[in-house]
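The block underneath contains the structure these notes are about, expressed in structure tokens.
The values are calculated or read from the model by the stated rules, or taken from the named source; none is laboratory data. In this text the structure is predicted, and so the values were computed from the model without any measurement. Using ideal geometry, Cβ is built from the backbone for each residue, glycine included, and neighbour counts are taken over all protein chains shown.
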Amino acid sequence: MDLTAKHWRVALASATISMLLATLILTFGPAGVDRPAHQYQLWLFGHFGFTLWDNFWYAGRYSFVGYSILFYPLSQLIGMGTTVVMSVGLGVWAVSMMVSRLIPTRLLLASLLATLLWPTEVLSGAYPYMLSQALGAVVVLLVLADGRLGIGDYAGGTCSHSIGDRTRKTFIVVLLLLQLGASPLGVLFVELFLIARFIRLADLDLGRAGVSIRGIISSFYKAIDLPLVAGSAVALVGLVSSKLFPTMAYYPFWWTDLAEIVAFVLLVTLVLPRRGFRFFRIALGVYLLVCLVAFFVPTELGSNVARLSDASLFGSILIVSLIWARAGVLRRIFSAFLILFSAYWWSTLVTSALTDPQVAARSTSAYWSGAVSWLEGHLGTSYRVELVDPSDHSGDYYLAKSGIPLVRGWFRQADFPTDALLYRSSLTATAYLAWLHDLSVQFVALPLGPYDFSSQKEAQLVRRLSVTKDCLTQVANAGEVTIYSVCNPVAIVSGGNAVAMGRTSITARLPAGGTYRLSIHFSPYLIPSTGCLYRSSNGLTLWNVTSHAVASVRFHLSLTRMLTVFFSDPSSVCAG
């Protein structure tokens with residue numbers, strides 16, 4: 001049999017089986033932890049299109065932009081499950097083809113590992129990232145096709161492909177753009193690969209030319225090629241998008257996540273032989289450096305960079321299979337520790353859905369129907385609901401799509417800084433009640449546990465306050481959800497009366513001139529019909545008007561406004 005034909009058959013068979021496994025997990029397995037977020041975003045897109053603002057999650061936040069602008073339209077077209085399954089198949093195919101070129105002696109092992117491990121990512125529910133991850137795998141496959149790195153030499157492989165060079169480069173550019181649209185996080189890992197490749201190419205040239213200042217400059221200049229330029233351009237597009245749609249949000253980077261990353265990098269470094277794996281050492285160094293920067297500089301990236309754990313078990317087993325025959329006793333011991341640690345690290349992202357006994361019941365509309373009906377009949381137009389978040393986050397979908405505005409939702413990076421108190425080691429009644437009032441909460445909804453780790457202390461505090469009647473009073477048992485009223489709730493427009501609140505607008509009756517606190521996150525694209533809006537110190541909004549009025553605030557995007565935001569980052573917006 002022709003070797004290329006065999007590689008294609010193995011890759012296609014692996015992709016087909018992995019898609020079948022992903023389908024079985026989606027159909028019969030527990031809902032992925034992040035699934036409710038994507039169900040809600042898909043519902044939002046299906047009903048309102050590319051509405052870039054949403055008042056019903058996180059007291060106002062940007063939708064789609066900065067997260068995923070490709071996954072939801074694609075899911076609307078072919079179905080979310082189909083998109084996820086195809087993402088799994090594409091990723092497994094790309095990895096199998098990559099291994100067939102680089103290390104053909106490990107093709108069956110790698111294909112088997114990818115076939116069994118990749119579908120389990122469905123349990124994490126990180127669907128847009130999975131799409132981006134699959135597209136990124138194809139990008140890496142195409143980049144390696146030029147054979148410049150020579151990393152297949154160790155195992156007798158080759159990076160050559162029959163695809164034309166111009167076609168290959170065109171696909172790289174297009175796929176990078178699609179990857180950015182699917183999830184910027186996926187682009188990050190391709191960028192790390194491209195940077196490590198750039199350094200290694202310069203290193204290879206420098207080894208041939210000799211070390212000198214001129215030689216170093218020349219070597220790095222020669223290492224610049226289209227994949228690096230295209231990747232840099234796509235990264236720049238992502239940065240421009242962040243500048244155009246600014247937020248105060250950031251994703252925390254816990255020290256435990258950094259410790260796991262350092263442990264993995266250290267173990268892989270100890271396992272790799274000194275010769276033959278220089279590119280991988282460079283890649284690990286680049287990755288660790290980015291992690292350290294992300295740890296000390298708060299951004300929306302945060303500990304998301306730890307998503308390398310998805311591929312850690314696959315990569316570790318493959319590396320150990322390559323070095324085992326030549327390894328000494330000490331390296332074999334380190335190899336065993338590496339596989340054990342990688343199995344643990346990989347499992348942390350896919351097993352949480354398996355440990356919640358209530359997930360099957362909570363993932364249905366019937367579980368939340370009683371709470372939705374009660375809140376629809378009692379929640380005032382000027383107020384929100386705080387849902388004490390269960391571990392599967394399903395209520396964030398069912399309540400929000402029913403038109404019930406929530407204080408939170410399910411994008412952890414949107415919790416910071418506004419909801420950061422829920423993550424502290426201690427949660428006091430005074431701080432919690434002040435937070436409820438700041439965010440205009442009229443009712444607190446408490447489902448059965450288990451809860452997300454950010455909500456465990458909150459659930460205990462809510463029960464305690466309801467017993468002592470300290471500002472929280474139980475008012476309803478709506479099926480499995482207990483509802484508590486908050487004493488003296490503060491309206492979304494404090495001192496005013498909200499007449500109506502939509503996904504992208506709010507209309508209020510303002511009784512007199514003055515400054516009103518608007519408990520919606522400030523955006524330079526929120527335009528008042530009268531007066532001016534100002535960003536407050538906590539990221540919410542102040543609304544100043546000169547006289548009484550029935551006025552509105554609407555999200556409005558325009559080219560002129562975008563240019564203003566890009567060049568000046570305004571902290572105030574006035575009518576007209």
Legend entry - Flag if Phe50 is in the same structural domain as Gly81 (by TED's automatic domain parsing) and outside any helix (DSSP H, G or I): yes
Inset, instruction - Taking the residues in the range 520-550 that are among the small types (Gly, Ala, Ser), in contact with a Lys or Arg (Cβ under 9 Å, 6 or more places away or on another chain) and modelled with pLDDT under 95 as candidates, determine which candidate is nearest to Tyr58 (Cα to Cα). - result: Ser536
Legend entry - the range 67-85 residues that are free of Cβ contacts under 8 Å to residues at least 60 places away in the same chain and in the same structural domain as Ser18 (by TED's automatic domain parsing), paired with ones that are buried (at least 20 other Cβ atoms within 10 Å of the Cβ) and not in a helix (DSSP H, G or I) (beta carbon under 8 Å, 6 or more apart): Tyr72/Phe64
Legend entry - Criterion (in a helix (DSSP H, G or I) and over 30 Å from Gln358 (Cβ atoms)) met by exactly one of Arg463, Arg561, Arg554, Arg517: Arg561
Legend entry - Single residue of Ser394, Ser466 found to be under 27 Å from the mean Cα position of the chain (by Cα), assigned by TED's automatic domain parsing to the domain that holds Tyr367 and buried (at least 19 other Cβ atoms within 10 Å of the Cβ): Ser394
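Go over the candidates Phe71, Phe56, Phe50 one by one and state the one that is in contact with a Pro (Cβ under 9 Å, 6 or more places away or on another chain) and more than 20 Å from Tyr129 (Cα to Cα). Steps first, please.
On the way: Phe71 fails: more than 20 Å from Tyr129 (Cα to Cα); Phe50 fails: more than 20 Å from Tyr129 (Cα to Cα).
Exactly one residue qualifies, and that residue is Phe56.
Where in the range 291-393 are there helices (runs of 4 or more DSSP H), lying wholly inside it, with at least 1 residues that are farther than 30 Å from Glu191 by Cβ and small (Gly, Ala, Ser)?
Of the helices (runs of 4 or more DSSP H) lying wholly inside the range 291-393, those with at least 1 residues that are farther than 30 Å from Glu191 by Cβ and small (Gly, Ala, Ser) span 329-347, 359-362, 365-378.
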Inset, instruction - Please go through the range 469-495 and pick out each residue that is free of Cβ contacts under 8 Å to residues at least 40 places away in the same chain and crowded, with 20+ Cβ neighbours inside 10 Å. - result: Leu472, Thr482
Inset, instruction - Quick one: Gly276 ticks every box in (1) surrounded by fewer than 18 Cβ atoms within 10 Å (Cβ to Cβ); (2) modelled with pLDDT under 95; (3) under 16 Å from Leu188 (Cα atoms) except a single one, so which number is it? - result: (3)
Inset, instruction - Please work out which one of (1) more than 21 Å from Gly302 (Cα to Cα); (2) in contact with a Gly (Cβ under 7 Å, 6 or more places away or on another chain) is the condition Leu427 fails and give its number. - result: (2)
Inset, instruction - Evaluate the following for Ser505: is it surrounded by fewer than 18 Cβ atoms within 10 Å (Cβ to Cβ), touching a Phe, Trp or Tyr at 6+ places or on another chain (Cβ under 8 Å) and in the same structural domain as Met562 (by TED's automatic domain parsing)? - result: yes
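Scan the range 542-576 residue by residue and report those that are hydrophobic (A, V, I, L, M, F, W, C) and in contact with a strand residue (DSSP E or B) (Cβ under 9 Å, 6 or more places away or on another chain). Break it down into steps so the answer makes sense when it comes.
Applying the first criterion (hydrophobic (A, V, I, L, M, F, W, C)) to the range 542-576 yields 542-543, 545, 549-551, 553, 555, 557, 559, 562-563, 565-567, 573-575.
Residues satisfying the conditions are Leu542, Trp543, Val545, Ala549, Val550, Ala551, Val553, Phe555, Leu557, Val573, Cys574, Ala575.
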Legend entry - Residue satisfying condition, being surrounded by fewer than 22 Cβ atoms within 10 Å (Cβ to Cβ), under 17 Å from Ala311 (Cα atoms) and over 21 Å from the mean Cα position of the chain (by Cα), within set Leu112, Leu117, Leu90: Leu112
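If we keep just the residues of the range 183-205 that are among the aromatic types (Phe, Trp, Tyr) and in contact (Cβ under 8 Å) with a residue 40 or more places away in the chain, which is surrounded by the fewest Cβ atoms within 10 Å (Cβ to Cβ)?
Initially, the range 183-205 is screened for residues among the aromatic types (Phe, Trp, Tyr), giving 189, 193, 198.
Still in the list and also in contact (Cβ under 8 Å) with a residue 40 or more places away in the chain: 189, 193.
On the way: Phe189: 23, Phe193: 21.
Applying the filter and picking the extreme gives Phe193.
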Inset, instruction - Report, by residue number, each residue of the range 432-458 that is surrounded by 20 or more Cβ atoms within 10 Å (Cβ to Cβ) and part of a helix (DSSP H, G or I). - result: Tyr432, Leu436, Glu458
